[in-house]
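Note sheet for the following structure.
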Amino acid sequence: MYTLQPSEALALLKFNLPALETEHGITRKILAAIPEENVEYRPAPVAKSAWELATHIAGVENMFLSGVGTSGFDFALSAAPSQLKNLSEVVRWYDEEFQKNYQRLLEADAESLVQTVDFRGKWIMPSVWFLWRAIGHSIHHRGQLSVYLRPMGTKVPSIYGESFDDAQARKAAQSAS
C-alpha cells in the first residue's frame, strides 16, 4: 500500500477545503428549504423522513470531520443533539459545528493528517482521506433530500447550476423591474 507523505496530506487538505466549504453551503440551502410542516415526509415507507435525512447529513458530516487530523472519530456526533426540535435549530447547529471543524482543519498539521484512522474496520486510512468521505456522504444524502423538496410543496434551490425554481424567480424579478 502507498504511504501518504505529510506534504501530500497537507496538499490534499488544502485542495479539498474549498470544496468542503462550497458543499456545506449547498447542503445548508437544501436543509433550510425543507418546510417545517413536512419534516415527516418520506417518499416510501422504507425511506428516511426528511427530518431523519437532515439530521443524518448534519451529524455524520460532523462525525467524519472529527476524524480528520485526529486519532479517531467522535461517534456521538453521528446524530444531531436530541434537544434540536426544528429544522432552523438543525441548520444553526450544522453551521456552528461546521465552523468549529473548518477552523480546526485550517490549523491541522501534516503529521496529524497522515495518521492512520480506523473507521469501524471498514476503512483504515490516513485521517485526511476522511475529509472526502465527509464531502461525499453529504452530497449523496443531499441528493436524496433534494428530490423530496418538490413533493413536499417547496422550491428546489440551485445546487451546481441554476435550478428551475431559481430561474423562474430570476425571470419574475427581471420582468418586475
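Relative to the dominant Cα principal axis of the chain, helix 87-106 is inclined by about 30°. Per residue, the chain reaches -20000 deg cm²/dmol at 222 nm when only DSSP H runs of four or more residues are counted, each adding -39500 (n - 2.57). Take every Cα pair under 8 Å whose residues are at least 6 apart in sequence, average their separation, divide by the length of the range 6-176, and the relative contact order is 31 percent.
Between helix 164-176 and the chain there is an angle of about 50 degrees, using the helix long axis and the longest principal axis of the Cα atoms. Which angle between 0 and 90 degrees, to the nearest 10, do you get for helix 50-66 versus the longest principal axis of the chain when only C-alpha atoms count? Approximately 20 degrees, to the nearest ten. Sorted on the mean count of surrounding Cβ atoms within 10 Å across their residues, most packed first, peptides 113-121, 40-48 read 113-121, 40-48.
Which log10 I(q)/I(0) values does the range 6-176 give at q = 0.10, 0.11, 0.15 Å⁻¹ under the Debye formula, counting every alpha carbon as one identical point scatterer? Ignoring solvent entirely, the Cα scatterers give -0.42, -0.50, -0.85.
Just so you know, all these numbers are worked out from the coordinates, no wet-lab data involved. Being a predicted model, the structure only gives us computed values, none of them experimental. When we count neighbours, we look across all protein chains shown, and the Cβ atoms used for this are built from the backbone with ideal geometry, even at glycine.
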